[in-house]
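A short write-up of the structure that comes next.
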Amino acid sequence: MIKRTYAEIAKMAGSVDYFTQFADVQINGVTIDSRKIEVGQLFIPFKGERTDGHQYVEDAIKRGAAAAFWQKDVPNPPENLPLIFVDDSLTAIQALAKSYLQQLSVKVVGITGSNGKTSTKDMTTSLLSLKYKVQKTEGNYNNHLGLPLTVLGLEEDTDIAVLEMGMSGRGEIDFLSRLAEPDIAVITNIGESHMQDLGSREGIAEAKLEILNGLKDNGRFIYFGDEPLLSSRMKNSTLDKKTFGMNPSNDLYPLHIQTQNNGSVFHINKISDPFELPVLGNHNILNALAAMLVAEYFNIPFEVMNKGLQSLKLTNMRMELVEGKSGVKIINDAYNASPTSMLAAIDVLKKLPGYKQKIAVLGDMLELGDKEEAFHYEIGEKLEGIDYVLTYGNLGSFIARGAKTALPEDRIFTFQDKEPLIQTLTHYVNKETVVLVKASRGMKLEEIVKAIQ
């Protein structure tokens, strides 16, 4: 974490308005939550719609904070406290993070994409940790505030930072990339998430490609080569680039994939040794290929990467296989959803061996724009081979409508409330059943997973 004096922090944050009597006070780390203050930290308050963090500054310092920001447009700052006056708390923490990152010798891997960012981040970290001290974005700290907080949490001796970069509209990846200045930029794929804001997959591709705006001059770009919206734009590029995908035209691609109960075994075009990935889905093999190209850049041989993949621990609710009541197996993929990731999860469910009954519990996919109903209906049309389908939410009902083209109606159930859904699901599951649970984050389908665990 950042360890600097009060005066150094002020200057790094772009402030010229602070108290010289506190110049040598040591600050160790930052927090934006006054309830989690640790001794020596810098407390950064924000003006929110419902509450103003500045009202907690005095209490934060009483509880051990070494200093605090104070936004200049907030009246009545407390006297005789180690405050650093800033024009805007968010801009100041971003400036502080950028300055701190520039002072470190750490290499930066920036990862974005419509799907698979977090899984690729986890896989990349696991592989790089075979040789280096690595820190990564924790949780969903991948936006204009989360990324600076991640950077400020880096230890001075960290070799590589793996930073996830999320967005909801144009310009956001550009900002994050210019702040982090990655040595390697990764785009996992182009899907349909944020169609509501960006209008088309072409618009999404352009927004994701903003990650190149901050890429260091000698940096490398790693991307999904099977995506025409990326490959066409990179055709005449002079960037140092590597591609991954299913197609043999890529730099790295799988030769053979075997789906197992708890993951996959696959071979690649680089070496003959098999790789074991303890997570389900061909889409996760693609994420692993992206991570392997990053590891190769940092001189980790393919021959040792299997060790890193086998010790992988993914962030929760991403193709997480858990056991529930009566021995039922549950694929908890409830963290988020888009048409691309939904179809990938359904494909996993279909291919998973060893189960007599397969059930899909699917909810609304959000932020898809004008075509949202059609996207949901098309998901339903792809559910042939699934034994029962239970949908949740207004848009989920369109999945059910589409499913009627693929399944008998008595195997399709539509719900607007979770309790009757849980009761129906409980009636059908047993130890020979596997259940996929997937929807956008706002639908909170993890509640269904907990109910049947």
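The values are calculated or read from the model by the stated rules, or taken from the named source; none is laboratory data. All of these numbers come straight from a predicted model, not from anything done at the bench. We place every Cβ from the backbone using ideal geometry, glycine too, and count neighbours over all the protein chains shown.
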Exercise. Among the candidates Y335, Y377, which residue alone is surrounded by 17 or more Cβ atoms within 10 Å (Cβ to Cβ) and within 26 Å of N262 (Cα to Cα)?
Worked result: Y335
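Rundown of residues vs (1) farther than 25 Å from S177 by Cβ; (2) buried (at least 16 other Cβ atoms within 10 Å of the Cβ), yes/no style:
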{"position": "A67", "(1), (2)": "yes, yes"}
{"position": "N80", "(1), (2)": "yes, no"}
{"position": "T91", "(1), (2)": "no, no"}
{"position": "S105", "(1), (2)": "no, no"}
For this session: Evaluate the range 410-429: report whether one residue or more is at pLDDT 95 or above, surrounded by fewer than 22 Cβ atoms within 10 Å (Cβ to Cβ), under 27 Å from the mean Cα position of the chain (by Cα) and not acidic (D, E).
Result: yes
Exercise. Which residues, taken from the range 254-283, are touching a strand residue (DSSP E or B) at 6+ places or on another chain (Cβ under 7 Å), modelled with pLDDT of 95 or more and not in a strand (DSSP E or B)?
Worked result: N269, K270, P274
Exercise. Here are some residues: D183, D122, D159. Which one is out of contact with any Asp or Glu (no Cβ under 8 Å at 6 or more places or on another chain) and under 22 Å from S440 (Cα atoms)?
Worked result: D122
Exercise. If you go through the range 405-445, how many residues are closer than 22 Å to L368 by Cα and among the hydrophobic types (A, V, I, L, M, F, W, C)?
Worked result: 6
For this session: Quickly run through the range 173-193 and pick out the residues that are surrounded by fewer than 24 Cβ atoms within 10 Å (Cβ to Cβ) and out of contact with any helix residue (DSSP H, G or I) (no Cβ under 7 Å at 6 or more places or on another chain).
Result: F175, D183
For this session: Select from the range 384-438 the residues that are assigned to a loop (DSSP other than H, G, I, E, B), under 23 Å from S326 (Cβ atoms) and basic (K, R) and list them in ascending order.
Result: K431
For this session: May I ask you to list pairs of residues, at least six apart or on different chains, whose Cβ atoms are under 9 Å apart, with the first in the range 405-416 being closer than 16 Å to D387 by Cβ and in the same structural domain as G363 (by TED's automatic domain parsing) and the second being part of a strand (DSSP E or B) and of a type in the set (A, V, I, L, M, F, W, C)?
Result: A406/V389; L407/V389; R411/V389; I412/V389; I412/L390; F413/V389; F413/L390
For this session: For the range 39-51, indicate whether the set of residues that are within 31 Å of the chain's Cα centre (by Cα), assigned by TED's automatic domain parsing to the domain that holds S168 and either exposed (fewer than 15 other Cβ atoms within 10 Å of the Cβ) or under 17 Å from L152 (Cα atoms) (or both) is non-empty.
Result: no
